[in-house]
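The values are calculated or read from the model by the stated rules, or taken from the named source; none is laboratory data. Computed from a predicted model, the values in this text were never measured in an experiment. All Cβ positions, even for glycine, are placed from backbone atoms using ideal geometry, and neighbour counts span all protein chains on display. Side chains are part of the model used for accessible areas, which takes the heavy atoms of the whole protein and leaves out ligands, DNA and RNA. Shrake-Rupley method; radii C 1.70, N 1.55, O 1.52, S 1.80 Å.
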Amino acid sequence: MEVGQSTLDRNDEAKRPVSLPIWRRPGVLALGVVVVTWAIAAATWPLSDAVVPWDSKNQFFAFFRFLATSLHEGSSPFWNPYHYAGHPSIADPQSLVFMPPFVIWAWFDAHPSLFAFDLLVYAHLLVGGVAMVFYGSRRGWPAAASVLAAFVFMFGGVVSSRLTHTGIIISYGLLPLALLTLEIALDKRSIWAAIGFGLTLGLIVLGRAQTPFTLALVAFALGLRHVVVQDKPLRYALSRLPVALVMGLVTIAIIAVPMVLTAQFAHLSNRIQVPVETALMASMHPVNIANFFVANVLGSLNPSSIGDWGPSHGTLPGYDSTDRAFNYMFAGSFTALLLLWHGLAGGRLLAPGRRVWTAIAAVALAYALGRYTPLFPFAFETIPGVSLFRRPGDALFVVVPAIAVLVGHLASDYVRQGLPKVGRLSAILFGLIIAGLAVGAVVFSARSDKALEAASAIGIALVVYGGLVALLMWAKTARQRVAVLSLAVAFTGGELVLRNTASSMNSEPRAIYALLEKPTPEATEILQTLEKAIQRDHAPGVRPRVEIVGLGGAWQNAAMVFGLEATNGYNPLRIGPYDRLVSPGESPYTARHRRFPTSFPTYDCLLGRLLGLEYVVLDRPITDMPNARQIPIADVVMAGPKVWIYRLPAPAPRVAMTTVVRVADADELIDQGRYLTRQSNGEVMVDDDDDLRSSYSPTPMVAPTAEIVSWRPDRVEIAVTSRYAAILTDRSPWYPGWEVEVDGVKRPLLRTDVLFRGVEVPAGAQRVVFTYRPLSAENLMAATRSALGLEE
């Protein structure tokens, strides 16, 4: 005490709480535990030399590498020529073009690694976990309760099992941050928080899929609830109008252009409205709820070689299209115990502050169950937007954050109020529900002769639950309950890290995907053989196309990584007319996925030649392709024993000029699935919707010439020579946003030979430039009209 300090000052000092070092403060400790646990979880993949597999690498990582390559080569990543002969990646939600963390990383790293990609994706869950701690702190939860909520959010259920679905995880991870900034903006009338909410919600919606759609609805519902529960809701709402306006404007500014471009792509894509019968096949079977209480009761965590036996496409073929990853719900034994005992049987889920989350969880679960409740069929037929999506089971991504918040509340209640009172009727009712789930799981498992394994998993789980019950009942004082809760939360963190991270549902050896990062010797031999053939057979600047089929998962989009212009790829979204006529399929994982329609009956057909398809890489002799209508003529470049490479004869040049024009209805040919079987030399087909400015002779004139002199993915410069007016065709997909200039003068883009882009070239012209400008005012206006259904 300083000399001269008054007695009053000394008394006030005695009443002041002791200031703890920052590292001992509850909030800081909670954040530290969350960050450290997340880091341990994230390290389980690289420490086991494993990566998040399947779509994460075969699709999203390939797009990430294309993004990085494009930025470092000085071109935009908006058009991808290495994917289905040409693909509007700016309009594809899976391309990561509008995801700031990936763009920033790609800007500095031309060759991002598999581990770097996984780290970027997984970091979004850390953002959500940290925001969840602050979310709990605003509600006065004990630190351990906030940590529990963060653990469930980051590692629970489908969040871990479906890490492979990168776009969903990115949107999902941002939800707590959106809710946190929403509350702060409304409570404090903070413009900065409103901007933060608008940015976060905008990034969520940019996922442009069912999960972002439902997460945005959750944010809207919680914002509305936040207003309604105020003492004077109307006055509160009116006073927050400026904040709400900022939120809306920022969100619209973030999503407007990408959404319009995606709507334009959807209109022209292969994706048609999903019939309700197809969507219902992706319903979660009620028996799968059993794995919320017992993680491996249905074999979900078994190695792939052993397999699972729960309801899925494997056990219910033709009726169920889900798999174990889609149906996984385990979020920790302590989580399940709190929810069942304290929340449902004890009635605490209906206390103020929890009802809205309880309702969200119940509605989302009913939606996920699909065919097994009336909610999803009703929503599919009546609520705008729902029929665009094909998987009701995706609603589990709403169930998990709802459970996270609810167990945060329940853990806080336990510390403050102790154990809940449970009526005899409630105990009997929920006991019967759990017994029914256990019996259902065992009975269903018996279909695969796995009843004993299911019963064994239940027996082990009962021991764990018994220990947790005893621990909770032992604590009598608030201090003891804090200690017990902390111990139970630590157990939950360990349980989730051990069970849900780097499991057979979300992990495979890095070596399987190594060729996308650094080709294996076997992959190197294939790529070098193909590259040498291209260099031997072509002058510099000639751009042949290739098709890779049947080599397995990592090869599906390998062309994108290695700069090979491919006629196929791995993507559920494709330009519709191209997909209809060429029919490369969604996945060239195996040869049986390659269809050969009447418009493309074999590899050396007219359409294949016009595409410039010259090299085919297969897992079998070309004569053994299962769906081909004819045996193609081809020269062998590599003959097995695992991979065959063929060179097809007489591919058409990438660019060509013709003076003989035939007008036809391209849309009619596409609708009928027909294409020309032969084409006269010097002839081009122009769509009847295009207005030609020049007249053309019915007989060939002196042959004009065209040669590519400069090329990059989004710009093609062509030198032309012709004494007469002619049509120049760049045999790459026609698509809105492409513009063309002839000697510096903009000209109308034509649709030539049904699929390709072309332009009228007057006599004497010397230079033609095709440029992809999707962000031009003209294209954005056209895309907006299309999205609003205002096209002529």
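Anything in the range 399-424 that is among the β-branched types (V, I, T), surrounded by fewer than 23 Cβ atoms within 10 Å (Cβ to Cβ) and assigned to a helix (DSSP H, G or I)? List them, or say none. Don't jump to the end; show me each part of the working.
Going through the range 399-424, the residues among the β-branched types (V, I, T) turn out to be 399-400, 403, 405, 407, 415, 422.
Subset that is surrounded by fewer than 23 Cβ atoms within 10 Å (Cβ to Cβ): 415, 422.
V415, the sole residue that qualifies.
Where in the range 616-711 are there strands (runs of 3 or more DSSP E), lying wholly inside it, with at least 3 residues that are over 30 Å from V768 (Cβ atoms) and without any contact (Cβ under 8 Å) to a residue 40 or more places away in the chain?
Details: elements: 635-639, 644-647, 655-658, 660-664, 683-687.
In the range 616-711, the matching strands (runs of 3 or more DSSP E) lie at 635-639.
None of D667, D671, D730 is closer than 26 Å to L261 by Cα and either modelled with pLDDT of 95 or more or over 33 Å from the mean Cα position of the chain (by Cα) (or both) except D730. Could you please let me know if E495 is of a type in the set (D, E), under 24 Å from F153 (Cα atoms), at pLDDT 95 or above and assigned to a helix (DSSP H, G or I)? In short, yes.
Can you pull out the residues in the range 218-243 that are more than 26 Å from F397 (Cβ to Cβ) and not in a loop (DSSP other than H, G, I, E, B)?
Taking the range 218-243 and keeping what is more than 26 Å from F397 (Cβ to Cβ), we get 230-243.
Within the range 218-243, P233, L234, R235, Y236, A237, L238, S239, L241, P242, V243 qualify.
Among the conditions (1) in contact with a strand residue (DSSP E or B) (Cβ under 8 Å, 6 or more places away or on another chain); (2) crowded, with 19+ Cβ neighbours inside 10 Å, G541 misses just one, which is (2). Taking the stated definitions as given, is A539 assigned to a loop (DSSP other than H, G, I, E, B), over 35 Å from the mean Cα position of the chain (by Cα) and hydrophobic (A, V, I, L, M, F, W, C)? It is true that A539 is assigned to a loop (DSSP other than H, G, I, E, B), over 35 Å from the mean Cα position of the chain (by Cα) and hydrophobic (A, V, I, L, M, F, W, C). Any residue in the range 553-567 that is in contact with a Phe, Trp or Tyr (Cβ under 6 Å, 6 or more places away or on another chain), in a loop (DSSP other than H, G, I, E, B) and small (G, A, S)? Scanning the range 553-567 turns up no residue that is in contact with a Phe, Trp or Tyr (Cβ under 6 Å, 6 or more places away or on another chain), in a loop (DSSP other than H, G, I, E, B) and small (G, A, S). Taking (1) in a loop (DSSP other than H, G, I, E, B); (2) open to solvent by less than 40 Å² (accessible area, probe 1.4 Å); (3) β-branched (V, I, T) in turn, I718 satisfies each apart from (1).
Table: residues versus (1) of a type in the set (G, A, S); (2) closer than 29 Å to N296 by Cβ; (3) open to solvent by less than 10 Å² (accessible area, probe 1.4 Å).
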position: V386; (1), (2), (3): no, no, yes
position: P392; (1), (2), (3): no, yes, yes
position: V442; (1), (2), (3): no, yes, no
position: S445; (1), (2), (3): yes, yes, yes
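Looking only at the range 343-363, decide whether some residue is open to solvent by less than 10 Å² (accessible area, probe 1.4 Å), modelled with pLDDT under 95 and of a type outside the set (S, T, N, Q). Among the residues of the range 343-363, not one is open to solvent by less than 10 Å² (accessible area, probe 1.4 Å), modelled with pLDDT under 95 and of a type outside the set (S, T, N, Q), which makes the answer no.
So which of L676, L669, L648 ends up being of a type in the set (A, V, I, L, M) and more than 26 Å from A703 (Cβ to Cβ)?
On the way: L676 fails: more than 26 Å from A703 (Cβ to Cβ); L648 fails: more than 26 Å from A703 (Cβ to Cβ).
Being of a type in the set (A, V, I, L, M) and more than 26 Å from A703 (Cβ to Cβ) holds for just one of L676, L669, L648, which is L669.
Within the set T278, T322, the sole residue that is among the hydroxyl-bearing types (S, T, Y), in a helix (DSSP H, G or I) and within 30 Å of L437 (Cβ to Cβ) turns out to be T278.
When K476 is tested against (1) outside any helix (DSSP H, G or I); (2) farther than 20 Å from D118 by Cβ; (3) open to solvent by less than 20 Å² (accessible area, probe 1.4 Å), exactly one condition is not met: (3). Checked against (1) in a helix (DSSP H, G or I); (2) within 30 Å of P46 (Cβ to Cβ), S456 meets all criteria but (2).
Contact map, the range 192-213: residues that are assigned to a helix (DSSP H, G or I) paired with residues that are basic (K, R), Cβ distance under 7 Å, separation 6+ or inter-chain. Pairs shown: Q210/R391. Scanning the range 92-137 for residues that are more than 17 Å from the chain's Cα centre (by Cα), aliphatic (A, V, I, L, M), farther than 12 Å from F64 by Cα and open to solvent by less than 20 Å² (accessible area, probe 1.4 Å) returns A131, M132, V133. M284 fulfils the conditions (1) part of a helix (DSSP H, G or I); (2) touching a residue at least 60 places away in the same chain (Cβ under 8 Å) except for a single criterion, (1).
When the range 191-226 is filtered for residues that are more than 28 Å from L261 (Cα to Cα), in contact with a helix residue (DSSP H, G or I) (Cβ under 9 Å, 6 or more places away or on another chain) and open to solvent by 30 Å² or more (accessible area, probe 1.4 Å), the ones remaining, listed by number, are I191, W192, R225.
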